[in-house]
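The block underneath contains the structure these notes are about, expressed in structure tokens.
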């Protein structure tokens, strides 16, 4: 699971991040801002119409009807213009918003695909989903809604204060005093909300991980009756998450309550002072009404600056969390890296490797001749998966940890993309996509024809099972292949590997979920159809390995023995002990007619 030191981006880095993702959508945001500011201007003219109307009616009572008609048309005209600008703002903002968030999602997803295997092992899936979805959405809301609102609010404050000062300097000075006070209060709450939002966001990631693990392992949960345990675990995390948001809500409530008090105080002061000025003839009644309207319209946008500061704290945390992913180093090939040689032996030369302080492989050396079938028998914790990961460069050896070469070339100098394209890997628990069986088999070669797909399935002994489904090869396998049995999933994964152009094929205990008879059929078919391809079989089942040209026995990370099946059964050791334990009457019946080496 994830554990890392807190990652913080500088303000400049965050600004550069926003500007980078605005590529291709700046025009939309500029137009949206223009429409917003223009709409604010039209809105500011309505109080002037009220001012003019009231003063004209008081001065010229006989012109009441004409003045009211003029005022009505003026207000209606400004309302229509505001509607047009509001429409333009929303349309352009929607365009820019979606392009902006698309840029973020594309880059985050693309970057995640290029991160190392070790990075993915160290981070939970749920937390990464949280960062790539919820945190990205927080950033979008802030940039596309709040920042636009900030520009409009600053413009509105400047425009309204200019109009208010032109009408009455004394009242305008009183109104402007409250602006910095509200901003200071907002700044204090900004720091508090930022910390608590970070806690809540991380708790949501843990909650997402819990739900994701439960849904992924639903069959295990059902099989072992762990429903109550999983429910309790989820409720515990959910309660903690809810408590954090309640605490955040309390802080926000205090802020909004204090802001409301400040706003009402401002309105009260302006009404009292304005009344005084009007009574003493320093302000006309129309000017007083217009001034009160401007003041009330000014107080709420000032408060939105506080909300923006609150959302800025959330967006800042989300930028840090998304930035943590984007700053993670990608797997990169060096300019001098070469392609995987078409021919050559695989050589492990004094390989020692571990995770942290735990050493898994200890001075391992052996050679796999090109085009042969090489088997590995392992005991628990002996490092067989580590060997596969090293060969596929999911982990890299340090200079003092030995070397792995293919055709005499150190694999650290081979391009990862070429290495992984030419090494076919079938795992014990293969992953199938939520697609059709046909699409899963053709995943390594999307342009493969029906005949090639069918042929690969026949070699993997899964064609017959597929054709029994109502939709045949068009059957949807469901999430993680839940529609298929364990053995069927393994055989589909084998077919997927066989259809690739791999020069080296690794079967990592990939026949563990099939019966002994099917195991024999698959191995026989593989041997007949993998001529010239280096094949590595990894298993704890002796019958799966005995056909191999050479068998390596690993024990506690060390090479315990290596030889043919006949050689290993003649000498004392782990292999012979396991062979004698595993050989049942059924296994012996399957081996009848084989040669002395156990070959069929």
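Read the figures in this text as sums done on the coordinates, not as results from a lab. The structure presented is a predicted model; accordingly, all values stated were derived computationally and were not measured. Neighbour counts run over all protein chains shown; Cβ positions are idealised from the backbone, glycine included.
Based on the mean of other beta carbon atoms within 10 Å per residue, what is the order of 557-568, 495-506, most packed first? Spell out each step's value before the answer.
Details: 557-568: 18.0, 495-506: 21.3.
Per-residue Cβ counts within 10 Å, averaged per peptide and sorted highest first, yield 495-506, 557-568.
Tell me, Kirkwood radius of segment 190-299 from alpha-carbon pair distances, in Å? Each step should come with its number before you reach the end.
Numbers: mean 1/r = 0.0540 Å⁻¹.
When all Cα pairs of segment 190-299 are included, the Kirkwood radius is 18.5 Å.
At 0.36 nm per residue, minus the direct Cα-Cα distance, what do residue 121 and residue 86 gain on full extension? Give it in nm, one decimal, please.
Details: separation 35, 0.36 × 35 = 12.60 nm, distance 4.83 nm.
That pair, residue 121 and residue 86, stretches by 7.8 nm at full extension.
Whole Å is fine, so just give me how far the alpha carbon centre of segment 122-169 lies from that of segment 475-529.
Measuring centre to centre over Cα atoms gives 53 Å.
Full extension from residue 64 to residue 296: what is 0.36 nm times the residue separation minus their Cα-Cα distance, to one decimal in nm?
Working: separation 232, 0.36 × 232 = 83.52 nm, distance 2.73 nm.
Answer, rounded to one decimal: 80.8 nm.
Gain in length, residue 530 to residue 236, computed as 0.36 nm per residue apart minus the alpha-carbon separation, to one decimal in nm? Intermediate results must be reported in sequence, preceding the final value.
Working: separation 294, 0.36 × 294 = 105.84 nm, distance 5.26 nm.
Gain on stretching residue 530 to residue 236: 100.6 nm.
Using only DSSP helix segments of four residues or longer, with each worth -39500 (n - 2.57), what per-residue ellipticity at 222 nm results for the chain after dividing by its residue count and rounding to 500?
Numbers: 22 runs with 372 residues, N = 600.
Helices in the chain give a 222 nm mean residue ellipticity of -21000 deg cm²/dmol.
Tell me the Rg and the Dmax, in Å, that the Cα atoms of the chain produce.
Calculated on Cα positions, Rg and Dmax stand at 35.7, 124 Å.
Given Cα pairs under 8 Å that are at least 6 residues apart, what percent is the relative contact order of segment 474-539? Before the final figure, lay out each step's value.
On the way: 43 pairs, mean separation 25.0, N = 66.
For segment 474-539, the relative contact order is 38 percent.
Taking only C-alpha pairs under 8 Å that are 6+ residues apart, what is the relative contact order of the chain in percent? Could the numbers behind the result be given before it?
On the way: 827 pairs, mean separation 82.1, N = 600.
Rounded, it is 14 percent for the chain.
Per the Cauchy relation, a quarter of the hull surface: what is the mean projected area of the convex hull of the alpha carbons in segment 442-518, in nm²? Intermediate results must be reported in sequence, preceding the final value.
On the way: hull surface 21.5 nm².
Projected area, direction-averaged: 5.4 nm².
I need the calculated FRET efficiency for the pair residue 246 and residue 469, taking r as the beta carbon distance and R₀ as 51 Å, to the nearest 0.05. Could you put the intermediate results ahead of the total?
Working: r = 50 Å, r/R0 = 0.98.
Calculated transfer efficiency: 0.55.
Using 15 Å as the cut-off for backbone N distance, which residues of segment 415-437 belong to the label zone defined by a point 7 Å from the Cα of residue 333 along Cα→Cβ?
So the set is 415-423.
Across bins of 5 angstrom width beginning at 0, how are the C-alpha pair distances of segment 369-503 distributed, in whole percent?
2, 9, 17, 20, 16, 14, 11, 7, 3, 1, 0, 0
Looking at the calculated P(r) for segment 11-327, what percent of the C-alpha pair distances fall above 26 Å?
On the way: 30562 of 50086 pairs.
Of all Cα-Cα pairs in segment 11-327, 61 percent lie more than 26 Å apart.
Across 5 Å bins from the origin, how do the percents of Cα pairs in segment 287-432 run, short distances first?
All Cα pairs, binned at 5 Å, distribute as 2, 7, 12, 14, 12, 10, 6, 4, 4, 4, 4, 4, 3, 3, 3, 3, 2, 1, 1, 0 percent.
For segment 346-591, what Kirkwood radius comes out of the mean inverse Cα-Cα distance, in Å?
18.8
Roughly how tilted is helix 516-529, in degrees to the nearest 10 and between 0 and 90, from the longest Cα axis of the chain?
Approximately 90 degrees, to the nearest ten.
How high is the relative contact order of segment 88-228, in percent, with contacts defined as C-alpha pairs under 8 Å that are six or more residues apart? The partial results should precede the final answer.
Values: 43 pairs, mean separation 51.9, N = 141.
It rounds to 37 percent for segment 88-228.
Round to a whole angstrom and tell me the spacing of the C-alpha centers of segment 544-570 and segment 235-249.
Result: 55 Å between the Cα centres.
In what sequence, highest mean first, do 8-17, 338-347 appear when ranked by Cβ atoms within 10 angstrom?
Values: 8-17: 13.1, 338-347: 15.2.
Ranking, from highest mean packing down: 338-347, 8-17.
Sort 355, 255, 473, 575 so the one with the fewest other Cβ atoms within 10 Å of its own Cβ comes first. Intermediate results must be reported in sequence, preceding the final value.
Working: 355 11, 255 22, 473 19, 575 25.
Lowest to highest Cβ neighbour count: 355, 473, 255, 575.
Label residue 109 and residue 13 with points 7 Å out from Cα along Cα→Cβ: what is the distance between them in nm?
Here the modelled spin labels are 2.5 nm apart.
If you take the Cα Rg of segment 114-214 and divide it by 2.2 N^0.38 Å, with N the number of residues, what do you get?
Values: Rg = 21.7 Å, N = 101, 2.2 N^0.38 = 12.7 Å.
Relative to the 2.2 N^0.38 Å estimate, segment 114-214 comes out at 1.71.
What FRET efficiency do you get for residue 409 and residue 199 if R0 is 60 Å and r is their Cβ-Cβ distance, rounded to the nearest 0.05? Before the final figure, lay out the partial values.
On the way: r = 50 Å, r/R0 = 0.83.
The computed FRET efficiency comes out at 0.75.
Estimate the FRET efficiency between residue 257 and residue 26 by the formula 1/(1 + (r/R0)^6), using the beta-carbon distance for r and 30 Å for R0, to the nearest 0.05.
Working: r = 38 Å, r/R0 = 1.28.
Efficiency computed from Cβ-Cβ geometry: 0.20.
How far apart, in nanometres, would the label points at residue 79 and residue 211 be if each is projected 7 angstrom from Cα along the Cα-to-Cβ direction?
Once both label points are built, they end up 4.4 nm from each other.
Sticking with the crude label model, points 7 Å out along Cα→Cβ, report the distance from residue 220 to residue 512 in nm, one decimal please.
The answer from the label model is 1.2 nm.
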